[in-house]
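Colleague: I have a structure I would like to understand better, so I am pasting it below and will then ask my questions one at a time.
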Amino acid sequence: MSGLSFIGRNISIAMNKIDTPIGFDIIFPSLLSTAIGIGLEFAIPQNDVDGILHLREMELKRLSGDKSCGKDAYMAYIAEGLGNQLDWNETMKFQRKNGSLFNSPSTTAASVIYNYDEKALQYLNLLASHFGSAVPTVYPINIHIQLSMVDSLQKVGIYKHFSSEINNILDMTYSLWLQRDEEIVLDITKCAMAFRLLRMNGYDVSSDGLSHVAELSSFTSSLKGYLNDTKCILELYKASKLCLSENDVILDNIAVWSAKLLKEKLCSNELQRAPIFAEVVHALDFPFYATLERLDHRCNIENFDARGGQMQKTEYLPYGVFQDILALAVEDFTTCQSIYQDELLHLDSWVKEHGLDQLKFARQKQLYCYLSAAATICEPELSDARSSLTKSAVLTTVVDDFFDVGGSIEELGNLISLVEKWDGHNEEDFYSEQVKIVFSALYSTVNQLGAMASTLQNRDVREHMIDTWLHAMRGTMTEAQWQRSQYVPTIEEYMKNAVPSFLMGPIVFPILYFLGEDLLATVVKDHEFNELYRLMSTCGRLLNDSQSFEREGSEGKLNMVHLLILHIGGSMSIEDALGVMHKSIDTCRKDLQKLVFRKGSVVPRPFKKLFWNMCQTSFVYYRETDGFCSPASLNSLVNAVINEPLKVPS
């Protein structure tokens, strides 16, 4: 009786089609008609009953004229509402190895009623023996729930609290992937999500696993394609961005058609009202390689869908669990913001203590330097890593400005000489007050960070930090000498010097000592470690050059854009030169991704992740303008990561 009462109380929802499940206009009227036919009585006005049955007739009429490729899959999916109107020989083509149709007990039961099948009956008997009289709406579903939870934990930034559980789930998923298990392969959303999560977490998965949806025609002939499932298309789009080679036809094809479908969906009023709308906009505007981790977390928290995506025939995800994930994420993000604000106050006092704010030539960009730290090294306990990154980034900005515009060639040489002497320098060694301020700040900060890092690593790492600074300054000095002598380097000379002169070494290398893992000297000397550094720095240099060539040209400084044009004899246009550079950036990024996402390498994963995060920072800072030259854009990022409270619907 309670079920009949529930239907009577909620019949208006069925009439108004408020958030109704897939196939509802076919399945519910059919069940209602069957129930009335066997004598059940509902407290529903006859007009409402007639209206509901009319909805079914209208939907059947629509289906009869529908020539879409995925229609057969859709009709099989809602088979319990169609009964003898189906061609069951065609419908049974969708039967899975476990005997079910779409892992749906209700659809499978319909197949037993209208087209007796032994395997289908065995599936239903298994459920009955396992669950009794109340079977789940979908079975099996464990892998879907588990992947959705892993994805949610990672998207909102609290995955490190559950690292052991996540690793177990991904190991199990990888085993299923290798077996080409139906539970992953036959659900396109799940398949794309599994591919993305596995590849991003270092598992060796081939894009061949997505070959069945490489073409748009293959997708549209599927159930998810027929339903135009936004979540599915978005998952495929995200997966396509994890391309690790130049000619991955499968991922390249998926990237093209999925982006097109998502852009079309943005114009839909229905999507604009859905929680997933903001996620689609963010994914299209900020590919995963061109965003900051904490910005992603904020976007995902503020637009969190506790239902886990589009409703299918019914809800089947554990709503309460996803609500708990959201609550924990909000608490974590808010706590971190408070910590970031306190750390910024300390940074301001450090700048003033060392007189860096008195240097007229130096850009005062410590807020933006801290942004890159807070947005990529999020964990509360990694305060020393954030401090190292920020202080080193401020110092590299000062040094870069000093070599570019602030110092004479004599002062630059003097600064390098002082770094070479380090502890052996004397007060009378300073060529000018500017040199004294720059070197003193560098000397004090590197010594402090070196002492802290040496304690954590149980070995002396200060010399490595000093050598890194010296190598970077020599590269910057080479650029300064080229500019002053009007020397035009070859492209090979320029790119060889680009790695140290981009000044990422003095920023990144010290941070690695503060990430809570041992950084062995053998790892630092390993080819893989140095390749990670080279690719990260090369990406950054080319991104910088592509945005700063006009300004630097006006200052008489050549960068890669100018060199490409000059060495071709002036026949190459600026647009063509930028095209060449963007292709090089793309290749470089994919090579870096390949190293970062590879499992079982010499360089521990947290260190590889930092190289990747700093490359992402370059993509963000040089997305539309020349790095620090867009304060309005960067201020909005600062507010989002550090200052503004979350806006989470109650």
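Colleague: In region 39-55, which residues are in contact (Cβ under 8 Å) with a residue 24 or more places away in the chain and either within 51 Å of the chain's Cα centre (by Cα) or loosely packed, with under 12 Cβ neighbours inside 10 Å (or both)?
Modeller: Within region 39-55, GLU41, PHE42, ALA43, ILE44, ASP48, GLY51, ILE52, LEU53, LEU55 meet the criteria.
Colleague: Regarding PHE430, is this residue within 29 Å of MET477 (Cβ to Cβ) and surrounded by fewer than 19 Cβ atoms within 10 Å (Cβ to Cβ)?
Modeller: no
Residues are listed down the side, and each one gets a yes or a no for (1) at pLDDT 95 or above; (2) among the β-branched types (Val, Ile, Thr); (3) part of a loop (DSSP other than H, G, I, E, B):
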position: SER211; (1), (2), (3): yes, no, no
position: LYS231; (1), (2), (3): no, no, no
position: LEU236; (1), (2), (3): yes, no, no
position: SER245; (1), (2), (3): no, no, yes
position: ILE254; (1), (2), (3): yes, yes, no
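Colleague: Give me the residue from region 591-605 that is under 16 Å from the mean Cα position of the chain (by Cα) and not polar (S, T, N, Q) and, out of that set, surrounded by the fewest Cβ atoms within 10 Å (Cβ to Cβ). Break it down into steps so the answer makes sense when it comes.
Modeller: If we filter region 591-605 for residues that are under 16 Å from the mean Cα position of the chain (by Cα), which is where we start, we get 592-594, 596-597.
Right, trim to not polar (S, T, N, Q) and you get 592, 594, 596-597.
On the way: LEU592: 23, LYS594: 13, VAL596: 24, PHE597: 21.
Among residues in region 591-605 that are under 16 Å from the mean Cα position of the chain (by Cα) and not polar (S, T, N, Q), the one surrounded by the fewest Cβ atoms within 10 Å (Cβ to Cβ) is LYS594.
Colleague: Now for a separate question. Does region 159-176 contain any residue that is not in a helix (DSSP H, G or I) and not assigned by TED's automatic domain parsing to the domain that holds GLN593?
Modeller: No, because not a single residue in region 159-176 is not in a helix (DSSP H, G or I) and not assigned by TED's automatic domain parsing to the domain that holds GLN593.
Colleague: Would region 118-139 turn up any residue that is more than 22 Å from PHE28 (Cα to Cα), touching a Ser or Thr at 6+ places or on another chain (Cβ under 8 Å), of a type outside the set (Phe, Trp, Tyr) and not assigned by TED's automatic domain parsing to the domain that holds CYS191? So that I can check it myself, show each step before the final result.
Modeller: Pass one, region 118-139, residues more than 22 Å from PHE28 (Cα to Cα): 118-123, 125-132.
Right, trim to touching a Ser or Thr at 6+ places or on another chain (Cβ under 8 Å) and you get 120, 123.
Next cut, of a type outside the set (Phe, Trp, Tyr) only: 120.
If we keep only those that are not assigned by TED's automatic domain parsing to the domain that holds CYS191 as well, we get 120.
Taking every residue of region 118-139 in turn, at least one turns out to be more than 22 Å from PHE28 (Cα to Cα), touching a Ser or Thr at 6+ places or on another chain (Cβ under 8 Å), of a type outside the set (Phe, Trp, Tyr) and not assigned by TED's automatic domain parsing to the domain that holds CYS191.
Colleague: Could I ask something else about it? Is there a residue in region 128-145 that is without any contact (Cβ under 8 Å) to a residue 40 or more places away in the chain and within 20 Å of the chain's Cα centre (by Cα)?
Modeller: no
Colleague: Given (1) surrounded by 15 or more Cβ atoms within 10 Å (Cβ to Cβ); (2) over 22 Å from the mean Cα position of the chain (by Cα), identify the lone condition not met by PRO649.
Modeller: (1)
Colleague: Check GLY65 against each of (1) without any contact (Cβ under 8 Å) to a residue 12 or more places away in the chain; (2) within 39 Å of the chain's Cα centre (by Cα) and name the one condition it does not meet.
Modeller: Among (1) without any contact (Cβ under 8 Å) to a residue 12 or more places away in the chain; (2) within 39 Å of the chain's Cα centre (by Cα), GLY65 violates only (2).
Colleague: Sticking with this one: With LEU31, LEU82, LEU63 as the choices, which residue is surrounded by 13 or more Cβ atoms within 10 Å (Cβ to Cβ), more than 21 Å from VAL112 (Cα to Cα) and not assigned by TED's automatic domain parsing to the domain that holds SER222?
Modeller: Working: LEU31 fails: more than 21 Å from VAL112 (Cα to Cα); LEU82 fails: more than 21 Å from VAL112 (Cα to Cα).
Testing whether each residue is surrounded by 13 or more Cβ atoms within 10 Å (Cβ to Cβ), more than 21 Å from VAL112 (Cα to Cα) and not assigned by TED's automatic domain parsing to the domain that holds SER222 leaves just LEU63.
Colleague: Please indicate, with yes or no, whether at least one residue in region 534-544 is at pLDDT 95 or above, closer than 12 Å to LEU578 by Cβ, surrounded by 15 or more Cβ atoms within 10 Å (Cβ to Cβ) and not assigned by TED's automatic domain parsing to the domain that holds GLN486.
Modeller: Yes, region 534-544 contains a residue that is at pLDDT 95 or above, closer than 12 Å to LEU578 by Cβ, surrounded by 15 or more Cβ atoms within 10 Å (Cβ to Cβ) and not assigned by TED's automatic domain parsing to the domain that holds GLN486.
Colleague: I'm checking my understanding of the structure. Among residues of region 312-340 that are at pLDDT 95 or above and either assigned to a loop (DSSP other than H, G, I, E, B) or more than 23 Å from the chain's Cα centre (by Cα) (or both), which one is nearest to THR20 (Cα to Cα)?
Modeller: Here the answer is SER338.
Colleague: Sticking with this structure for a sec: May I ask you to list the residues in region 134-182 that are surrounded by 19 or more Cβ atoms within 10 Å (Cβ to Cβ) and either polar (S, T, N, Q) or in contact with a strand residue (DSSP E or B) (Cβ under 7 Å, 6 or more places away or on another chain) (or both)?
Modeller: Of everything in region 134-182, those that are surrounded by 19 or more Cβ atoms within 10 Å (Cβ to Cβ) and either polar (S, T, N, Q) or in contact with a strand residue (DSSP E or B) (Cβ under 7 Å, 6 or more places away or on another chain) (or both) turn out to be VAL138, SER148, SER152, GLN154, THR173.
Colleague: Picking from SER111, SER100, which residue would you name as being touching a Leu at 6+ places or on another chain (Cβ under 8 Å), buried (at least 18 other Cβ atoms within 10 Å of the Cβ) and either of a type in the set (Gly, Ala, Ser) or without any contact (Cβ under 8 Å) to a residue 12 or more places away in the chain (or both)?
Modeller: SER111
Colleague: I've got another one for you. Only residues that are polar (S, T, N, Q) and closer than 30 Å to LEU121 by Cβ: list them for region 35-93, please.
Modeller: ASN84, GLN85, ASN89, THR91
Colleague: A further question follows. Can you name every one of the helices (runs of 4 or more DSSP H) wholly within region 455-528 that holds 2 or more residues which are more than 31 Å from the chain's Cα centre (by Cα), aromatic (Phe, Trp, Tyr) and closer than 22 Å to GLY413 by Cβ?
Modeller: 462-485
Colleague: Hey, among LYS97, LYS93, LYS190, which residue is part of a helix (DSSP H, G or I) and farther than 30 Å from ALA329 by Cβ?
Modeller: Only one candidate qualifies: LYS93.
Colleague: In region 252-267, what residues are buried (at least 22 other Cβ atoms within 10 Å of the Cβ) and either of a type outside the set (Gly, Ala, Ser) or more than 27 Å from LYS583 (Cβ to Cβ) (or both)?
Modeller: Hit for region 252-267 is ILE254, nothing else.
Colleague: Another question, if that's okay. Scan region 363-408 residue by residue and report those that are over 25 Å from GLN457 (Cα atoms), of a type outside the set (A, V, I, L, M, F, W, C) and in a helix (DSSP H, G or I).
Modeller: GLN366, TYR368, THR397, ASP400, ASP401, ASP404, GLY406
Colleague: Filter region 470-487 down to residues that are hydrophobic (A, V, I, L, M, F, W, C) and modelled with pLDDT of 95 or more and give me whichever is farthest from VAL419 (Cα to Cα).
Modeller: MET477
Colleague: Considering only region 1-59, state which residues are at pLDDT below 85, touching a helix residue (DSSP H, G or I) at 6+ places or on another chain (Cβ under 9 Å) and not in a helix (DSSP H, G or I).
Modeller: Of everything in region 1-59, those that are at pLDDT below 85, touching a helix residue (DSSP H, G or I) at 6+ places or on another chain (Cβ under 9 Å) and not in a helix (DSSP H, G or I) turn out to be LYS17, ILE18, ASP19, THR20, PRO21, LEU40, GLU41, PHE42, ALA43, ILE44, PRO45.
Colleague: A follow-up question, please. Does SER383 meet the test of being surrounded by fewer than 22 Cβ atoms within 10 Å (Cβ to Cβ), more than 30 Å from LEU637 (Cα to Cα) and in contact (Cβ under 8 Å) with a residue 12 or more places away in the chain?
Modeller: Taking the combined requirement at face value, the residue does not satisfy it.
The values are calculated or read from the model by the stated rules, or taken from the named source; none is laboratory data. Since we're looking at a predicted model, the values are computed, not measured. Neighbour counts are summed over all protein chains in view; Cβ atoms, including those assigned to glycine, are modelled from backbone coordinates with ideal geometry.
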